[in-house]
Amino acid sequence: MPLFEITSNKQFTELSSANPSTLKTLFFYADWAHNCAQAIENYKKTSEQYPENEFFSIDAEANPEISEIFDISAVPYYIFIKESSIIKELSSADPQEFLNTYKQVIASQSASDNKSTSKSSDDEEEEETEEQLNERLKQLTAAAPVMLFMKGTPSEPKCGFSRQMVGILREHQVRFGFFDILKDDTVRQGLKKFSDWPTFPQLYINGELVGGLDIIKESLEEDPEFFTQSLAN
């Protein structure tokens, strides 16, 4: 089935309500978010690989009513739906994580439909080498001009420090991408070594580590225009 580019709430309602037994994936993106460019290409390839399912691309800012329905506060954001029910949600700037999650959703749905869930050896994931992990972390930290590695999501932080960091970014109207480290322990542990910073949240600007919550607070106290200046460099 085709990849639908949603341009209105009416169009979305009509298309999303049709064929309820078909697995549907909603992909929320924003043109300003650099990390969405790669995600869009990966999403398109995935839709071509699974033509039996439906895929929806939704510009989160151009479709505020739809974004509000699903409480979208950051992009990229994926929602998997079947039989009018949300099966799973994913907040990630990592295209590979989306693909892995999509395969997991398909496998779980096949199991619930009493279909075979066995995978061929070709589908088995190979263990990631340190070099591959570092390359993935390099891409993740530069996925958006401002990239936050936090516990939980902006709409549902899992620790007080992450909640405060999100509040600061929103207060200063800073657009940011994020990665929930609780969903990927490999990234969580690898980032500590990669950044030489043992705690979270961690904030990156233009691919460079700025620091944690205390550093950001101190930087803003010294210079209220800290974010503007940092993004300009």
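Scanning the stretch 43-61 for residues that are under 30 Å from Thr141 (Cα atoms), basic (Lys, Arg), outside any helix (DSSP H, G or I) and in contact with a strand residue (DSSP E or B) (Cβ under 9 Å, 6 or more places away or on another chain) turns up nothing. Remark: pairs (first residue in the stretch 5-18, in the same structural domain as Phe55 (by TED's automatic domain parsing) and within 18 Å of Lys82 (Cα to Cα); second residue polar (S, T, N, Q) and loosely packed, with under 12 Cβ neighbours inside 10 Å; Cβ separation under 9 Å; 6+ apart in sequence or on different chains) = Ser16/Ser84; Ser17/Ser84.
Let's see how each residue does on (1) assigned by TED's automatic domain parsing to the domain that holds Gly167; (2) at pLDDT 90 or above; (3) closer than 17 Å to Ser8 by Cβ:
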| position | (1), (2), (3) |
| --- | --- |
| Phe56 | no, yes, yes |
| Ser67 | no, no, yes |
| Phe70 | no, no, yes |
| Lys82 | no, no, no |
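Taken together, Ser195, Ser219 contain a single residue that is among the hydroxyl-bearing types (Ser, Thr, Tyr) and touching a residue at least 12 places away in the same chain (Cβ under 8 Å), which is Ser195. Do the conditions hold for Ile66, that is, is it in a helix (DSSP H, G or I), closer than 26 Å to Phe176 by Cβ and either touching a Ser or Thr at 6+ places or on another chain (Cβ under 8 Å) or touching a residue at least 24 places away in the same chain (Cβ under 8 Å) (or both)? It is true that Ile66 is in a helix (DSSP H, G or I), closer than 26 Å to Phe176 by Cβ and either touching a Ser or Thr at 6+ places or on another chain (Cβ under 8 Å) or touching a residue at least 24 places away in the same chain (Cβ under 8 Å) (or both). Taking the listed residues Ser21, Ser91, the one that is among the small types (Gly, Ala, Ser) and surrounded by fewer than 17 Cβ atoms within 10 Å (Cβ to Cβ) is Ser21, with no other qualifying.
Selection over the stretch 129-181 of residues that are in a helix (DSSP H, G or I) and either of a type outside the set (Gly, Ala, Ser) or outside the structural domain of Glu208 (by TED's automatic domain parsing) (or both) gives a count of 22. Among the residues making up the stretch 188-210, those that are assigned to a strand (DSSP E or B) and out of contact with any Asp or Glu (no Cβ under 9 Å at 6 or more places or on another chain) are Gln202, Leu203, Tyr204, Ile205, Glu208, Val210.
The values are calculated or read from the model by the stated rules, or taken from the named source; none is laboratory data. A quick note: this is a predicted structure, and the numbers were derived from the prediction, not measured. As a convention, Cβ positions derive from the backbone with ideal geometry for all residues, glycine included, and neighbour counts pool all protein chains shown.
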